[in-house]
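Below is one structure; the comments refer to it alone.
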Amino acid sequence: MDLGLKGKVAVVAGASKGMGRAIARGLAAEGAAVALLARDRATLERAASDIAEATGSSTLAVPTDVTRRDQIERAIAATVERFGRLDILVTNGGGPPPGTFETATDEQWQAAFELNLLSTVRMIRAALPHLARSGAGRIVNVQSTSIKQPIPGLMLSNGIRPGVQGLARTLAEEIARKGITINTVCPGRIKTDRFESLLANRMKAWGVSREEALRREEETIPMGYAGEPEDVAHVVVFLCSEKARYVTGQSIAVDGGITRGSY
């Protein structure tokens, strides 16, 4: 299936590894030029080079801290300067640390807000004029199943991330007539550094080995196994394509069936 992404230009945040890297590679494999954003320059440049070599598409590494408005604006400007346009924005970033309400400090709440909500607002704000000129702009926010169903022990994620979906649902109506869609993808248990970090916390809490902690985690997933970053990437790439032109304001779980919520 031709997804109509050849000649498009995308910005993917958190693209040096994990789901962000898989998404960047997926878009590049469909013929899009991709600007990759992340903080670590060496890892980011290696990812951009590897993706360009593997797909034949143009890539651009732009070291960016998405909690900094000036760096976000610079990254969007650098992308448009290099490729002449912007059609796709994928917001993505790390999650806040685990903990309960009693353990979460004001500083942690503020940091989670900056990382997971305000960074999304700022990236969309910087990209929106360019996406409007595209005539077929796409925004995909990569968040978590915690926006649908709270995850025990992740108070900060459960408290902050649903704001991104509120933003997306509201903005969907405001930008629809400009030909721009906005959707949220909600990964479940996906094998990333974040997953390994949370698994380590489970190991400590349960007093078990990694293998046993993984077995217990995967027992909770109807499909019986944790997903791969590419499982998320396939859904994101589709939502960025011409084939998804009539899908907007939605939150789509990629979680092997673990989410029981109906919204």
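The values are calculated or read from the model by the stated rules, or taken from the named source; none is laboratory data. These numbers were taken from a predicted model, which means no experiment stands behind them. Note: ideal-geometry Cβ built from the backbone for every residue, glycine included; neighbour counts use all protein chains shown. Calculation scope for accessible area: heavy atoms of the full protein, side chains included, ligands and nucleic acids excluded. Shrake-Rupley method; radii C 1.70, N 1.55, O 1.52, S 1.80 Å.
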Quick one: Ile124 ticks every box in (1) among the β-branched types (Val, Ile, Thr); (2) assigned to a loop (DSSP other than H, G, I, E, B); (3) under 20 Å from Ala78 (Cβ atoms) except a single one, so which number is it?
(2)
Looking at this structure, is Ala226 surrounded by 18 or more Cβ atoms within 10 Å (Cβ to Cβ), farther than 22 Å from Val9 by Cβ and either hydroxyl-bearing (Ser, Thr, Tyr) or out of contact with any Cys (no Cβ under 6 Å at 6 or more places or on another chain) (or both)?
yes
Go through the stretch 147-181 and count every residue that is farther than 20 Å from Val80 by Cα and in contact (Cβ under 8 Å) with a residue 40 or more places away in the chain.
22
Which numbered condition Ile175 fails, given (1) of a type outside the set (S, T, N, Q); (2) open to solvent by less than 40 Å² (accessible area, probe 1.4 Å); (3) out of contact with any strand residue (DSSP E or B) (no Cβ under 8 Å at 6 or more places or on another chain):
(3)
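Taking the stretch 211-255, which residues are of a type in the set (Gly, Ala, Ser), under 29 Å from Gly4 (Cα atoms) and either in a strand (DSSP E or B) or at pLDDT below 95 (or both)? Lay out the reasoning, then the answer.
As a first pass, look at the stretch 211-255 and keep what is of a type in the set (Gly, Ala, Ser): 213, 224, 226-227, 233, 241, 244, 249, 251, 253.
Filter once more, so that each one left must be under 29 Å from Gly4 (Cα atoms): 227, 233, 241, 244, 249, 251, 253.
Listed by number, the residues that qualify are Gly227, Ser251, Ala253.
Sort out which residues of the stretch 146-178 are among the hydroxyl-bearing types (Ser, Thr, Tyr), closer than 22 Å to Asn201 by Cβ and out of contact with any Pro (no Cβ under 7 Å at 6 or more places or on another chain), and write them in order of number. Give the steps one after another, and end with the answer.
From the stretch 146-178, those among the hydroxyl-bearing types (Ser, Thr, Tyr) are 146, 157, 170; that's our starting set.
Cutting the leftovers down to closer than 22 Å to Asn201 by Cβ gives us 146, 157.
Ser146, the sole residue that qualifies.
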Within the stretch 141-167, tally of residues that are outside any helix (DSSP H, G or I), open to solvent by less than 50 Å² (accessible area, probe 1.4 Å) and on the phi < 0 side of the Ramachandran plot:
8
If you scan the stretch 110-122, which residues turn out to be open to solvent by less than 10 Å² (accessible area, probe 1.4 Å) and under 18 Å from Thr248 (Cα atoms)?
Thr120
For the stretch 215-249, give me the residue count where each residue is under 24 Å from Leu199 (Cα atoms) and touching a residue at least 24 places away in the same chain (Cβ under 8 Å).
16
Counting just the residues of the stretch 187-199 that are open to solvent by 20 Å² or more (accessible area, probe 1.4 Å) and out of contact with any helix residue (DSSP H, G or I) (no Cβ under 8 Å at 6 or more places or on another chain), which one comes out modelled with the highest pLDDT?
Glu196
Looking only at the stretch 239-251, and only at residues there that are among the hydrophobic types (A, V, I, L, M, F, W, C) and surrounded by 18 or more Cβ atoms within 10 Å (Cβ to Cβ), the one that is farthest from Leu89 (Cα to Cα)
Ala244
Can you confirm whether the stretch 168-186 contains a residue that is modelled with pLDDT under 95, of a type outside the set (Lys, Arg) and in a helix (DSSP H, G or I)?
no
